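Taking it in order: structure first as structure tokens, then the write-up.
The values are calculated or read from the model by the stated rules, or taken from the named source; none is laboratory data. As the structure is a prediction and not an experimental result, all values here were calculated from the model. Here the Cβ is made from the backbone with ideal geometry for all residues, glycine too, and neighbour counts use every protein chain on show. Side chains are part of the model used for accessible areas, which takes the heavy atoms of the whole protein and leaves out ligands, DNA and RNA. Shrake-Rupley method; radii C 1.70, N 1.55, O 1.52, S 1.80 Å.
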Amino acid sequence: MNPPFNSPEYYVGLMSGTSLDGIDTVLTAFENNTCKLLHSQFIPFDEALRVELLALNSAGANELERAALAANELSRCYAAAIQALLGKTDIRAEQVKAIGCHGQTVRHRPDLGFTIQLANPALLAELTGIAVVADFRSRDIAAGGQGAPLVPAFHAALFRHPEHHRVIVNIGGISNLTSLPPHGGVLGFDCGPGNLLLDAWTALHLSQPYDNDGTWAASGHPIPELLRQLLTEPFFATPPPKSTGRDLFNLPWLEHFLSPDFSPADVQATLLELTVKGIAAAILEHCGKAGEIYLCGGGAHNGTLVRRLKQSLPNRSIALTDDLGVNADWVEAFAFAWLARQALNGNSGNLPEVTGARGARILGAIYPA
């Protein structure tokens with residue numbers, strides 16, 4: 001258990017996810033056994049950095065040096081984001097106990113025993129004057145786990161209800177869910193692509209970063225045979241614990257299934273349906289009794305996607321986590337502030353029943369200010 005506390009403890013959470021759109025950062029306060037999100041800040045990636053981070057998801061020339069340089073640049077961006085965040089407040093850097101820094105995932109291979117989230121936490125601590133907790137996923141993988149998802153422990157701490165079975169669905173680049181029954185163990189796992197393929201296909205054909213509100217997808221028609229082939233990917237039928245990322249779901253993976261006869265808008269409609277099917281099938285199979293579903297992440301703002309989810313999951317309440325008191329855009333960054341506090345207090349941050357680790361582990365390496 002966390003120790004009791006009376007005066008506020010301030011933590012910053014940082015998240016840059018698989019969607020590669022930019023940096024989410026939040027200032028949180030833990031006080032009287034409650035935790036609150038006080039302020040938030042989003043900074044989009046510079047296009048050159050975004051392109052390089054995307055390229056580093058694949059093997060390439062001189063990638064060790066390039067990864068180190070990108071980690072330095074990313075950490076400078078993190079520091080700028082924190083400066084902008086604290087600039088909205090009267091909280092000084094020396095009042096913040098720690099930064100929870102997820103880093104930018106460029107490889108996720110728990111099957112091979114490793115995961116890589118780019119960041120230079122030593123540089124971030126030096127630039128901000130604040131302690132940094134980073135590299136959250138490696139210890140869980142070392143203990144035989146998937147290293148992901150890690151947010152279910154936070155979801156359970158913040159969103160669990162003593163009477164209602166809730167499911168929290170994060171739709172980022174990858175979609176994942178947390179099942180929170182009133183009693184018994186928590187379940188959580190990655191469902192499959194979230195925005196990742198939708199954004200990549202939109203960028204390829206419309207030269208836009210994403211399909212705003214799913215308008216382009218709504219203009220097309222899902223291709224049944226293509227959807228059927230995409231769903232033959234073994235990941236979808238693999239039982240949890242499981243996690244995934246760009247290592248599996250990427251444009252080359254998609255292009256393997258495409259025909260020149262397919263219209264781009266119809267492919268986009270099919271990709272949206274793939275995201276919906278992945279989430280809905282996971283809920284129906286593993287969280288069948290859940291009556292309340294709450295969405296967070298960028299995909300929660302895709303109106304077409306949300307409408308299709310509601311059609312696929314009738315007789316269930318579907319809303320944003322805003323209704324639970326946390327804006328859907330900031331849940332993951334908030335989670336890493338919470339995980340940083342867990343680490344500093346010597347408390348575990350993973351749920352073995354979610355990740356498959358051999359037991360509860362304290363997550364993260366600590367870089368003092």
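Taking every protein chain into account, the accessible area of the chain amounts to 42 square angstrom per residue (probe 1.4 Å).
Residues L272, L251, L64, sorted by accessible area with the largest first, give L64, L251, L272 [1.4 Å probe; ligands and nucleic acids excluded]. Charge tally around Y294: other residues with Cβ under 14 Å, Lys/Arg +1 each, Asp/Glu -1 each, net -1. In order along the range 160-168, the phi-based Karplus estimate (6.51 cos²θ - 1.76 cosθ + 1.60, θ = phi - 60°) of 3J(HN,Hα) comes to 5, 10, x, 10, 9, 7, 10, 10, 9 Hz; Gly and Pro are listed as x. Remark: the range 42-59, residue by residue, has Karplus-estimated 3J(HN,Hα) of 10, 10, x, 5, 4, 4, 5, 5, 4, 4, 5, 5, 5, 4, 6, 6, 10, 4 Hz, where x stands for each Gly or Pro and the curve is 6.51 cos²θ - 1.76 cosθ + 1.60 at θ = phi - 60°. Does the range 120-224 come out rounded, prolate or oblate by the C-alpha gyration tensor, with a ≥ b ≥ c the root eigenvalues, rounded set by a/c under 1.5 and, if not, prolate when a/b is larger than b/c and oblate if not? Oblate, because a/c is 1.5 or more while a/b does not exceed b/c. Tell me the angle of helix 196-206 to the major Cα principal axis of the chain, expressed in degrees between 0 and 90 and rounded to the nearest ten. The two axes meet at around 60 degrees.
Amide H contacts of I293: V167, S317, I318, A319, each under 5 Å away and 5 or more positions distant or on a separate chain (H built 1.01 Å from N in the peptide plane; Pro and chain starts excluded).
The dipole here belongs to the range 1-128: it is taken about the Cα centre, uses +1 on the Cβ of Lys and Arg and -1 on the Cβ of Asp and Glu, and is about 180 debye. Within the chain, the longest run free of exposed loop sites, counting trypsin sites (Lys or Arg not before Pro) that sit outside DSSP helix and strand states (H, G, I, E, B) and have at most 12 other Cβ atoms within 10 Å, spans 93-288.
Bridging of K88 to aspartates and glutamates at a Cα separation below 17 Å is possible for D24, once same-chain residues fewer than 8 apart are set aside.
Rolling a 1.4 angstrom probe over the range 22-131 with all protein chains present gives an accessible area of which 53% lies on carbon and sulfur atoms. Specify the angular offset, from 0 to 90 degrees and rounded to the nearest 10, of the alpha carbon long axis of helix 303-312 from the longest principal axis of the alpha carbons in the chain. The helix 303-312 is inclined about 70 degrees to the chain. Placing pseudo-labels 7 Å out from each Cα toward the beta carbon at A59 and R228 gives an inter-label distance of 3.6 nm. Overall, the accessible surface of the range 142-274 at a probe of 1.4 angstrom is composed of carbon and sulfur to the extent of 56 percent. Only helices enter the 222 nm calculation for the chain: every DSSP H run of n ≥ 4 contributes -39,500 (n - 2.57), and dividing by all residues gives -11000 deg cm²/dmol, rounded to 500. Result for the chain in a Gaussian network model with C-alpha springs under 10 Å: among A55, A333, A143, the largest mean-square fluctuation is at A55. Here semi-axes √(5λ) of the Cα gyration tensor in Å was computed from the coordinates, and among [x] 46, 27, 18; [y] 31, 24, 19; [z] 38, 27, 17 the match is [y]. Can you spot the lysines whose alpha carbon is less than 22 Å from K289's alpha carbon? Ignore those fewer than 8 places along the same chain. Partners found: K242, K277, K310. Just check the range 1-128 against the gyration tensor rule for me: Cα atoms, a ≥ b ≥ c as the square roots of the eigenvalues, rounded for a/c under 1.5, and otherwise prolate or oblate depending on whether a/b exceeds b/c. It comes out prolate by the Cα gyration axes. Could you state the angle between the C-alpha long axis of helix 264-286 and the longest principal axis of the C-alpha atoms of the chain, as a value from 0 to 90 degrees rounded to the nearest 10? That helix lies at roughly 60 degrees to the long axis. Below 15 angstrom from the Cβ of W330, what's the summed charge of the other residues (Lys, Arg +1; Asp, Glu -1)? With Lys, Arg at +1 and Asp, Glu at -1, the neighbours total -4. The label-point distance for R109 and A365, in a model that sets each label 7 Å from Cα toward Cβ, rounds to 1.9 nm.
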